[in-house]
Amino acid sequence: MRKIVISTGGGDAPGLNAVIFSVVNSAAKRGWEVYGSRSGYKGLLDLDELVRLTPKDVEGVTPIGGTILGSTNKGDPFGMPVENLAGEIQMVDVSDRIIKNFKRMNFYCHIAVGGDGSLEIAHRFAQKGMPVIGVPKTIDNDLEATDRTFGFDTAVATATEALDKLHSTAKSHDRVMVVEVMGRDSGWIALYSGIAGGADAILIPEIPFCIDSVCEKIADNDLHDKNYSIVVVAEGAKAEDGEVICRGHGELGRSEVVLGGIGEWVANEIRERLGKDTRSLVLGHLQRGGSPTTFDRLLAIRFGAAAIRMAEAGTFDHMVAWTPPDMSAVPLVDAIRSRKKVDLASDKVATARDIGICLGDDK
Ligand code: F6P
């Protein structure tokens, strides 16, 4: 009988519970026991935060958004903010304590479900001797080694639905609606939802944009009796001569900056230059919420089952990846090397241009 532990780290994404469901059931099929670590590594740091997961415990969780285990993006065990006796916050490396607890619980392996940050931590643990298998999660779809991450399809569906709804207001009021979507430094959510949701302009981090091109497109719409426009802006997009706009820097225990604000900037520029009634909105965490789409559920369930097959084969320090049509195992070190960007030579970009969408450049 083997005992395994599963954790979910970083921002939540629809499909996390489907992975947990699949891991628990695939393990039970083999007579293995599964434990869940609450809030990322908390359960491995404090064993009271470990929870035994049986098939009964995960019955019916597949369609539920979020994660039944909880998550955090401030829980890096190699630099965790801890309050000392004087009430000051210090960054402490608690990784040895985690390894000790892992051994004490006699765990066979750890399934770490997460995005780039969590998988990087997982790899560091693998280097310290913990048998780890990664499962790729992020709505941003920015992990290079896998064709898709779960959560992305649901986020795109949510953003597309929002764009559909915004059309009626934009059209009724002859307005420009600027919608900021998530995605960090990759434009996947913006590009997919923008094409599917009938955007007139899509601004992605991969193409630094010229605001004049966007305004030309809007003015051209007006000339052709389309007195409203929809502009989708990825949170990591930036003007040719500008910077990425952030809402916050250096949150304690978090290495990444918090992006946000470019949508409003674009809306202000359009209003000033064209004098058009312009509104901006940030879709924000709506994109991370709700029930996973069928595609995401299936992908998440397949990831979970494949992770257990990898555990059975002893394929550690690897991440399960979807390399259509099959699942494969990719070394974690390769999986975290770089972020996956929108390929500007892809048919999706060509499609956007062909149907007249402005991508912020002069093509
Ligand atoms: O990585 C997922 C993601 O939703 C990004 O798209 C976004 O920039 C970030 O997380 C937001 O993080 P938080 O939930 O901490 O605001």
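General observations
- Taking the accessible area of the chain, probe 1.4 Å, and keeping the other protein chains in place, the carbon and sulfur fraction comes to 49%.
- ³J(HN,Hα) computed for each position of region 141-148 - Karplus, 6.51 cos²θ - 1.76 cosθ + 1.60, integer Hz, glycine/proline x: 6, 9, 8, 4, 7, 10, 4, 9
- Summed residue charge, Cβ within 13 Å of W265's Cβ, Lys/Arg positive, Asp/Glu negative: -3
- Placing unit charges on the Cβ atoms of the charged side chains and taking the dipole of the chain about its Cα centre, the candidate lying farthest along the positive direction among G290, V61, G242 is V61.
- Net lengthening on full extension, D277/K29 (0.36 nm per residue, minus Cα-Cα): 83.3 nm
- Dipole magnitude (debye, nearest 20) for region 127-263, charges at Cβ of Lys, Arg, Asp, Glu: 560 debye
- Rounded to the nearest 20 debye, the dipole size of region 71-161 about its Cα centre is 660 debye, using +1 on the Cβ of Lys and Arg and -1 on the Cβ of Asp and Glu.
- Size descriptor, Kirkwood hydrodynamic radius, that averages inverse alpha-carbon separations across region 1-148, Å: 15.6 Å
- Per-residue ellipticity at 222 nm from helix content only, as computed over the chain with -39500 (n - 2.57) for each DSSP H run of at least four residues, stands at -11000 deg cm²/dmol.
- Lys/Arg +1, Asp/Glu -1 at C-beta; the chain dipole; positive extreme among G263, C215, V34: V34
- Region 285-363, relative contact order [Cα under 8 Å, separation at least 6], %: 15 percent
- Pairs beyond 31 Å (Cα-Cα), from K29/K341; K29/K103; K276/K341; K137/K171: K29/K341; K276/K341; K137/K171
- The residues of the chain expose, per residue, 43 Å² of accessible area to a 1.4 Å probe.
- Relative contact order of the chain, defined on C-alpha pairs under 8 angstrom at six or more residues apart (%): 22 percent
- Total charge dipole magnitude, the chain, about the Cα centre, Cβ charges on Lys, Arg, Asp, Glu only, Debye to nearest 20: 1660 debye
- Top positive-direction residue, dipole computed over the chain with Cβ charges, set G9, A145, G43: G43
- Between the C-alpha center of region 297-331 and that of region 59-129 there is a gap of 20 Å.
- Under a 5 Å amide H cut-off, with hydrogens placed 1.01 Å from N, V233 pairs with V179, E180, V181, L203 among residues at least 5 apart or on other chains.
- Computed P(r) (all Cα pairs; the chain; 10 Å bins; percent): 5, 24, 29, 21, 13, 6, 1, 0
- Within the shell defined by Cβ-Cβ distances under 9 Å, the residues around G66 carry a net charge of 0, with Lys and Arg each +1 and Asp and Glu each -1.
- Area projected by the alpha carbon convex hull of region 211-312, averaged over all directions, nm²: 10.8 nm²
- Pairwise FRET efficiency - T169 versus D93, Cβ, R0 = 35 Å, nearest 0.05: 0.10
- Set of region 105-145 residues, backbone N closer than 11 Å to the point 7 Å along the Cα-Cβ line of V333: 127
- Net charge of Cβ neighbours under 15 Å - reference A345; Lys, Arg +1; Asp, Glu -1: 0
- Descending Cα extents along the principal axes, region 139-221, whole Å: 42, 27, 15
- Pairs of Cα atoms in region 263-316 fall into 5 Å distance bins, from 0 up to the last occupied one, in shares of 4, 15, 11, 10, 8, 9, 9, 9, 7, 6, 5, 4, 1 percent.
The values are calculated or read from the model by the stated rules, or taken from the named source; none is laboratory data. Predicted model, so just to flag it, every value in this text is computed and none were measured. Positions of Cβ are generated from backbone atoms using ideal geometry, with glycine treated the same way; all protein chains shown enter the neighbour counts. Protein only, heavy atoms only, side chains kept; ligands, DNA and RNA dropped before computing areas. Shrake-Rupley method; radii C 1.70, N 1.55, O 1.52, S 1.80 Å.
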